[in-house]
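Please read the structure below before turning to the comments.
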Amino acid sequence: MAETRTEWTVDDVAARFAEAAETAHKLPRVRPGGYYNPWMTLAVQVPERYPDLERLYRPMPPSPKAVERMLETMRWVQWLEVEQRHLVWMRANRYEWQQIGRRFACDRNTAARRWRRLMELVAWRLNTLSADDTLGHA
C-alpha cells in the first residue's frame with residue numbers, strides 16, 4: 001500500500017531508508033524450527049533467582065504498517081546497483097561517513113556526495129512514478 005505524496009524530497013527518502021533499517025533491526029530473529037528446549041523457558045520464568053543486570057532487552061516488534069513501509073523501501077533498492085545498495089544501507093544503519101569512505105576506498109566527502117546523488121535518484125524515480133500514476137488515472 002503506497003503512501004500518497006505530492007513530492008518526494010531527498011530528506012524524505014533518507015528518512016524512509018533510516019526507518020526501514022530500524023524496522024529491520026526490530027524484527028524477531030529467524031530460527032530453524034524443530035527441536036524445543038524447555039530449560040530456557042524455565043530460566044526465563046524466574047528472573048528473580050538469577051538477576052542479570054547486563055541482560056539485553058529486545059525492542060517491541062514493529063507494527064504491520066512499519067513492515068509494509070520497510071518492504072516498499074526494499075523495492076526501491078532494486079533500482080540501484082549492488083555497491084550503491086551497500087552505500088545506502090550503511091548510511092541508513094547510521095555508519096559514520098569516515099567508515100563508509102573506508103569501505104568504498106574514497107574520502108568521506110566523496111561518500112557523502114555519492115549517497116546524496118543516490119537519494120536524489122530514488123526521489124526522482126519516485127516522483128516520476130507518482131506523476132505517471134496521476135496522469136494515467138486522470
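Results, tabulated for the structure shown:
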| quantity | calculated |
| --- | --- |
| The stretch 59-109, residues that are farther than 27 Å from L27 by Cβ and in contact with a Phe, Trp or Tyr (Cβ under 8 Å, 6 or more places away or on another chain) | R108, N109 |
| Search result, residues across the stretch 75-95 that are in contact (Cβ under 8 Å) with a residue 12 or more places away in the chain and not aromatic (F, W, Y) | V77, L80, E83, Q84, H86, L87, V88, M90, R91, A92, N93, R94 |
| Single condition K65 does not satisfy, out of (1) at pLDDT 65 or above; (2) in a loop (DSSP other than H, G, I, E, B); (3) more than 25 Å from W124 (Cβ to Cβ) | (2) |
| Within the stretch 75-90, tally of residues that are part of a helix (DSSP H, G or I), closer than 20 Å to L126 by Cα and of a type in the set (D, E, K, R) | 2 |
| Residue match in the stretch 98-113 (condition: surrounded by fewer than 13 Cβ atoms within 10 Å (Cβ to Cβ), at pLDDT 95 or above, in a helix (DSSP H, G or I) and among the charged types (D, E, K, R)) | yes |
| Close pairs (6 angstrom Cβ cut-off, 6 or more residues apart or separate chains): touching a residue at least 60 places away in the same chain (Cβ under 8 Å) in the stretch 111-128, in a helix (DSSP H, G or I) anywhere | M119/V10; M119/V13; M119/A14; E120/V10; V122/V13; V122/W76; A123/V10; A123/V13 |
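The values are calculated or read from the model by the stated rules, or taken from the named source; none is laboratory data. Bear in mind the structure is a predicted one, so any value in this text is a computation, not a measurement. Cβ coordinates were reconstructed from backbone atoms using ideal geometry, including for glycine residues, and neighbour counts include every protein chain displayed.
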